[in-house]
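Heads up, the thing below is written out as structure tokens.
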Amino acid sequence: MGRSVGNWGRGMSAVRFMEATRRIWLVNNASSGSNDDQALLALEECCGRNGFRVAHRTSFPAQELPTPAVLDAAGIDGVAVFAGDGTINSLLTELSGWGGAVLVLPGGTMNLLFHRLHGDRPMEQVVEAAASGRSVMRRPAIIRCDYGDAYAGLLAGPGTSWNQVREAMRKTDIADMAGSTVAAIQETLGGEMIACVEPPLGRQEGYPLLEMEPTEDGIEIAAYHSESPGEYLEQGLALLKRNFREGPHEFLGRPRKLRVASTQGHPFGMLIDGEPAGAAPSVEFTLVTCEVDLIATEVDGI
């Protein structure tokens, strides 16, 4: 699913990004994990040292995201996004089909898409690589369903209720955190399980949580389970830290298309790139190609 676009082979992509988009549009989210004023100032200084000038900036969600028409009218064909995976998801969805390029930067808590595109490189190295031509353009594989596209990953099942606890913790709302924790435990212990039904994968009786990650080879599925009270607590803590794979789980495969259904026919919750999505008793997931060019530095020889 990853590819070079036109003549944008190794090196050529970032050279064009530098020359044609020295004026860039920056999108950030003030509520994301790394988006304080000091971090934004450091980012703008980093851009300046590498020949980029932030000509316009959008603070989402207080301001509307730039559309392809707005960017084209401003003569901008490069957008840098310094936010969490949820904001990045909204931006890439808005820019689907646009002819410019997007540079994803680590402005959130987990920064899963950033690491997918850039590995463990620090932000400064990524900006420098984009400016100097040591990068490529990619349209990576993503997961699509009726409720949206997942660029970094997707969670489904009653275990997603732990996200409410995490949000209460982030806001230091003790009362809400306590209530959410009780509800999450009850939902995970007694909630309806979900199972992979087409193709049939894993346990027929289902799981409290499925994690799906887009890869070039297919939708990588990790199924989480809890057989004892201790494992339920372990899984809940892993979900709170958003380091899901610390909890007990098993790998189910990498299909290119998958249908997941609840075992009793009731709707189950989902998190797409960390944000709550719709609920349904059965959902089909398909591996498709991202519809906007992303700058990547996690490639051989870079």
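Starting from residues that are in a loop (DSSP other than H, G, I, E, B) and not polar (S, T, N, Q), keep the ones in the stretch 102-128 and report whichever is modelled with the lowest pLDDT.
Taking the stretch 102-128 as the starting set, the residues that turn out to be in a loop (DSSP other than H, G, I, E, B) are 107-111, 119-122.
Pick out the ones that are also not polar (S, T, N, Q) and you get 107-108, 110, 119-122.
On the way: Gly107: 91, Gly108: 87, Met110: 82, Gly119: 93, Asp120: 92, Arg121: 93, Pro122: 93.
Looking at residues that are in a loop (DSSP other than H, G, I, E, B) and not polar (S, T, N, Q), I get Met110.
Checking the condition among the aliphatic types (A, V, I, L, M), at pLDDT 95 or above and either within 23 Å of Ile24 (Cβ to Cβ) or crowded, with 20+ Cβ neighbours inside 10 Å (or both), which residue from Ala150, Ala131, Ala156 passes?
Values: Ala131 fails: at pLDDT 95 or above; Ala156 fails: at pLDDT 95 or above.
Selected residue: Ala150, the only one of Ala150, Ala131, Ala156 that is among the aliphatic types (A, V, I, L, M), at pLDDT 95 or above and either within 23 Å of Ile24 (Cβ to Cβ) or crowded, with 20+ Cβ neighbours inside 10 Å (or both).
Taken over the stretch 99-121, the criterion of being buried (at least 23 other Cβ atoms within 10 Å of the Cβ) and farther than 24 Å from Thr67 by Cα is satisfied by His118 alone. Within this structure, Glu124 fails the test of being loosely packed, with under 15 Cβ neighbours inside 10 Å and touching a strand residue (DSSP E or B) at 6+ places or on another chain (Cβ under 8 Å). Filtering Glu284, Glu220, Glu234 for residues that are modelled with pLDDT under 95 and of a type in the set (Asp, Glu) leaves a single hit, Glu234. Ile302 passes every criterion in (1) outside any strand (DSSP E or B); (2) at pLDDT 85 or above; (3) within 30 Å of Met123 (Cβ to Cβ) apart from (2).
Could you check how many residues of the stretch 56-69 are aliphatic (A, V, I, L, M) and loosely packed, with under 15 Cβ neighbours inside 10 Å?
Step one: list which residues in the stretch 56-69 are aliphatic (A, V, I, L, M), which gives 62, 65, 69.
Still in the running and loosely packed, with under 15 Cβ neighbours inside 10 Å: 62, 69.
Total satisfying the criteria: 2.
The values are calculated or read from the model by the stated rules, or taken from the named source; none is laboratory data. This is a predicted model, so every value here is computed, not measured. Using ideal geometry, Cβ is built from the backbone for each residue, glycine included, and neighbour counts are taken over all protein chains shown.
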